[in-house]
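Nothing in this text is a laboratory measurement; each read-out follows from the coordinates by a stated rule. Keep in mind the model is a prediction, meaning the values are calculated, not measured. FYI the Cβ positions are ideal-geometry reconstructions off the backbone, even for glycines, and counts take in every protein chain you see.
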Amino acid sequence: MQNEVELTPDAAVRAVMRDILGLSEEQVAEFTAETELFGALPELDSMAVAGLLTELEDRLDIMIDDDEVDGELFETFGNLVAFAEMKVTG
Amino acid sequence: MTLAPAFVFYEFADRKEFCLHVTAQSPRRVMLVPPLFDEMNRMRKMMVDVMRSLHELEISSFLPDLPGTNESVIALEQVTLSDWQKAVQACAEQHQISYIASFRGGALTVADLPSANHWIFSPVKGATLMRTMLRTKIAADRESGLTTSLAELAARAENGPLELAGNIIGSELFAQLNAAEMTDMPSRRIVRLESDSKPSDGQIAGSALWLRAAPDDDLTMSTAIAQDIAGWMGQ
């Protein structure tokens, strides 16, 4: 068995976005804090967002309350990373 | 020999369920157990691509439909996780398969085959799958002006079937899935994506097609999966 490796919130959000949108590593590496998500990316429908939240919980070992989730969270890539960082550090 | 995918059957609870089958001229045979719910639809093409690659490696493969899915005559609403476990066992026995490769939530349906050899791709807890589906339901409700919570939906599921992301899930299936985790097997190889940091026995390059907004394929990944399965099965 290979051991578990710590994943940074930024890397986890990037990896999940890449999986959902079917992007290459290079494309997702170009995401900046200002990159717009919800509204700009039609693939991010309610089912994709549900999958994204559950994947982040799983990959970062965090729990996300649905009360914490609002439209602002998915406005930009930076908002989502900041939220993930806040959850990881508690 | 040319590739000839065909439907065969397996019998479970006095019904015949479909099972996609690719025959290779070799005694080596493996059953692929699909992911559950939407993940199954998103990965169906990839599963069949794996079967095509396995054929090139001279391995016969079987991909059963779980009762209540695809063209099954029974409604999903009436199916339990125990049914799925018994159905997978029945398929393995009827087609004399001792190598089982299960994908994602499919790993929750192989518990009744403890003495088989198991290859498991990116296993997921039942509660994780249910949480995503409950979230989708909450988001859809919100769009129609309703406020629902996880706790409320869980309570509703105890008293009757619940429609989640287009699937009608009975109380027993809901409860069983919420508690379901991959069982320990004496012969087991767990394979994950390279981007997945959890412990594994092997890693494969590719991306999580089960998260994709629309069904997609990845031939490099399905070929790598088939090669890993072939290496695990040996000659």
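Could you work out which residue, out of B:38, B:184, B:196, moves most in a Gaussian network model of chain B, that is, has the largest mean-square fluctuation with Cα springs under 10 Å? In the Gaussian network model the winner is B:184. The count of lysine pairs in the protein assembly as shown whose Cα atoms are under 27 Å apart, excluding pairs fewer than 8 places apart on the same chain, comes to 12.
Checking every one of the GluC sites (Glu not before Pro) in the stretch B:36-69 against DSSP loop status and a limit of 14 other Cβ atoms within 10 Å picks out B:58. Counting Cβ atoms of other protein chains within 10 Å of each residue's Cβ and taking the mean over peptide B:191-199 gives 5. With a 10 Å cut-off around each Cβ of A:65-78, the average count of Cβ atoms from other chains is 1.
Tally Lys/Arg at +1 and Asp/Glu at -1 over every other residue whose Cβ is under 14 Å from the Cβ of residue B:132; what's the total?
Working: positive: A:59, B:42, B:104, B:125, B:131, B:135, B:137, B:212; negative: A:19, A:45, A:55, A:57, A:58, A:66, B:38, B:39.
Counting the neighbours of residue B:132, the net charge comes to 0.
Ranked by Cβ crowding within 10 angstrom, fewest neighbours first, how are B:19, B:91 ordered? List each step's numbers first, then the result.
Numbers: B:19 18, B:91 26.
Neighbour counts put them in this order, fewest first: B:19, B:91.
Highest average first, the peptides B:122-132, B:3-13 ordered by how many other beta carbon atoms sit within 10 Å of their residues are B:122-132, B:3-13.
Please compute the volume of the convex hull spanned by the alpha-carbon atoms of chain A and report it per residue in Å³. Please list the in-between numbers first.
On the way: hull volume 9.7 nm³, N = 90.
Roughly 108 Å³ of hull volume per residue.
Taking every residue in B:123-136 and counting other chain Cβ atoms within 10 Å of its Cβ, the average works out to 4. For the stretch B:102-198, the list of GluC sites (Glu not before Pro) that fall in a loop by DSSP and count at most 13 other C-beta atoms within 10 angstrom reads B:194.
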